[in-house]
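J.: Starting off with a structure, shown below.
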Amino acid sequence: MGKGALIRETPGMRVYQSDASADRFAVEFTNDAVECGAEKSPMFPGKGALNMKIAAALFKRLEDCGVATHFAREAGGSEMETVAARIIPARVAVRNMVSDEFAARTRLAAGSILPVTIIEFNVKMDAGKEFQPGMRARVYTEVTDGDVKTMRTRAAQVNKALQPFLYKRGIALADYYLEFGKDSNDFFRVCGALTPDTCSFWSRDTLEKLDKDRYLRPMRGSETAAGIVLKALTA
């Protein structure tokens, strides 16, 4: 798959225009470090390829459940072909369990199951700035009330498709971030990536972390965490 101009870059992922078609993007999953506050996870060879496989498996699951995504096909190695889409300048946090970060905000017990799934919107103010929490921030962006309603509905559909699917495979989907975009026909699609960089994957039975937090701390076997998730998805 040939790559053209770089469209955008996010932690762990680069998006290029495909040189084969104007309505396709070439996505490269990288081995790069992912920042989490002031900390940064180390690089390790093969991370990009593992993350691509994990994202592809989860996108395929969503498509099977009738949730439209930007996934088109695996392109080998750490690359994926996707439908070209304009990214909505907001991300959606879906919370099923209390992460350390959410516990610090709410004083709820870390690791506990939330009585209801919480869906939060974080709107990006402009390029180069951090995501700002709160719905009021959307007035400074192009996100409409209709977009917000659609994203909330789609986020609930994503959670319904993924949470029990992963739980049966021994993985608790504690929380995760979603990105949405619109294709050339203004059709909403789940975009971005669903990987250990954007999802809090925990062991269902032990609550052992199998996501980026594992790389930020001196946990034995950190480099195999993504492999554990992929094995569970493809078993």
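The values are calculated or read from the model by the stated rules, or taken from the named source; none is laboratory data. What you see is a predicted model, and the numbers here were worked out from it, not measured in a lab. Positions of Cβ are backbone-derived with ideal geometry, glycine not excepted, and every protein chain shown enters the neighbour counts.
J.: Can you spot a residue in segment 205-223 that is under 20 Å from residue 112 (Cα atoms), at pLDDT 95 or above and buried (at least 22 other Cβ atoms within 10 Å of the Cβ)?
T.: No, segment 205-223 contains no residue that is under 20 Å from residue 112 (Cα atoms), at pLDDT 95 or above and buried (at least 22 other Cβ atoms within 10 Å of the Cβ).
J.: Would you please name the residue that is surrounded by the most Cβ atoms within 10 Å (Cβ to Cβ), looking only at residues in segment 168-204 that are among the basic types (Lys, Arg) and free of Cβ contacts under 8 Å to residues at least 60 places away in the same chain?
T.: Step by step, filter segment 168-204, then rank; the result is 204.
J.: I've got another one for you. Do we find that residue 107 is among the charged types (D, E, K, R), loosely packed, with under 15 Cβ neighbours inside 10 Å, at pLDDT below 95 and on the phi > 0 side of the Ramachandran plot in this structure?
T.: Judged against the criteria, residue 107 is a match.
J.: Return yes when residue 100 is in the same structural domain as residue 19 (by TED's automatic domain parsing) and over 20 Å from residue 152 (Cβ atoms) and no when it is not.
T.: no
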